[in-house]
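Here the structure is laid out as structure tokens; the discussion comes afterwards.
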Amino acid sequence: MVPKNFNPSIKHPLYFIRKGLFRKISFYAPQLKGKLLDFGCGEKPYQSLFTQVSSYTGLDYQGEGHDHQNENVDVFYDGKTIPFSDESFDAVFSSEVFEHVFGLAQILPEISRVTKPGGQLLITCPFAWEEHEMPVDYARYTQFALKDMLEKNGYDIQVIDKNGHFALALFQLFVLYIHDHWMHKVPFLGQFNWFKKGIRQIGIPILNGGFRLFEPFWPKSDRFYLNTIVLAVKKPIA
């Protein structure tokens with residue numbers, strides 16, 4: 001099962017971004033088959049969604065910005081070379097990782113190398129989000145940048161999808177600001193734990209519930225959103 005932190009209730013301050021990613025990955029994950037590599041796996045929160053794969057291998061980088069304690073990483077790599085032979089995997093999954101890879105242009109050929117021709121790649125990347133896992137937060141990629149980089153590394157793009165829309169992204173960032181910054185620094189009240197507990201247990205659920213109720217009435221625009229989701233296939237060797 002997907003941990004509650006990655007499939008949250010409406011009480012969670014990251015409800016809209018995390019629930020949206022859960023739904024998108026749930027939809028695309030069953031399309032991946034065979035031996036799968038989870039690049040930047042962390043605790044493998046979405047492993048249970050990949051119901052059609054024959055094996056699931058988690059790869060991650062041991063570096064600053066992220067504590068891997070109590071995570072189920074199978075293999076660590078040096079940030080440059082993926083320690084598997086050519087065409088080892090039928091599919092690769094990577095969620096919210098590419099922004100933390102400083103030399104992404106150098107790593108994509110490695111991902112392509114270990115993927116079989118015809119193998120699928122499913123990635124998600126943040127588009128509108130705050131700096132996180134500092135100092136290893138290096139980039140935000142548009143759909144056009146991801147498409148260009150993947151095509152240059154031998155992939156055909158099947159789907160480019162988005163999590164969220166303009167109003168939802170703005171609201172999610174507002175709730176993030178309230179939870180992570182405002183309630184700790186608001187004059188006088190920010191010093192009291194009862195105040196912060198009230199924001200977490202009452203204020204955030206009311207805000208999230210209110211927005212979800214009225215969201216259908218907001219005009220939609222996808223020019224600003226939370227995450228990009230890309231499903232691609234490695235081209236067969238000519």
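Extension gain for F192 to F102 (0.36 nm times residue separation, less C-alpha to C-alpha distance): 28.5 nm.
Here the Kirkwood formula, the inverse mean of 1/r across different C-alpha pairs, assigns segment 58-193 a hydrodynamic radius of 17.3 Å. For the chain, the fraction of 1.4 Å probe accessible surface lying on carbon and sulfur atoms is 58 percent.
Simple point charges give the picture: +1 on the Cβ of Lys and Arg, -1 on the Cβ of Asp and Glu, and for segment 70-170 a dipole about the Cα centre of about 320 debye. Antiparallel beta bridges, as assigned by DSSP with both residues in the chain, represent about 45 percent of the total such bridges.
Summed over the residues of the chain and divided among them, the accessible surface reaches 52 Å² per residue at a probe radius of 1.4 Å. Each of S55 and K116 was given a label point 7 Å from its Cα along the Cα-to-Cβ line. The distance between the two points is 1.2 nm. Note on the chain: along the principal axes its Cα atoms extend 64, 40, 31 Å, ordered by decreasing extent. Legend: residue pairs K197/K220; K80/K152; K4/K24, Cα-Cα distance threshold 24 Å; pairs beyond threshold, K197/K220. Overall, segment 81-238 carries a charge dipole of about 520 debye about its Cα centre when +1 sits on the Cβ of Lys and Arg and -1 on the Cβ of Asp and Glu, all other atoms neutral. The aspartates and glutamates whose alpha-carbon is closer than 16 Å to the alpha-carbon of K116, local same-chain residues fewer than 8 away aside, are D38, D86, E87, D90, E151, D156.
Taking the inverse of the mean reciprocal distance over all distinct Cα pairs, the Kirkwood hydrodynamic radius of segment 1-77 comes to 13.4 Å.
Working note: Debye formula, equal point scatterers on the alpha-carbon atoms of segment 1-129, no solvent; log10 I(q)/I(0) at q = 0.18, 0.20, 0.21 Å⁻¹ is -1.03, -1.27, -1.39. The modelled label-to-label distance between R23 and V75, using points 7 Å beyond Cα along the C-beta direction, is 3.5 nm. For K235 and Y177, the difference between the fully extended length at 0.36 nm per residue and the C-alpha to C-alpha distance is 16.6 nm.
The values are calculated or read from the model by the stated rules, or taken from the named source; none is laboratory data. Bear in mind that the values here come from a model prediction, so they are computed numbers and not experimental data. Note that each Cβ is placed from the backbone with ideal geometry, even for glycine, and that neighbours are counted across all protein chains shown. To get the accessible areas, we keep the full protein, side chains included, count just its heavy atoms, and leave off ligands, DNA and RNA. Shrake-Rupley method; radii C 1.70, N 1.55, O 1.52, S 1.80 Å.
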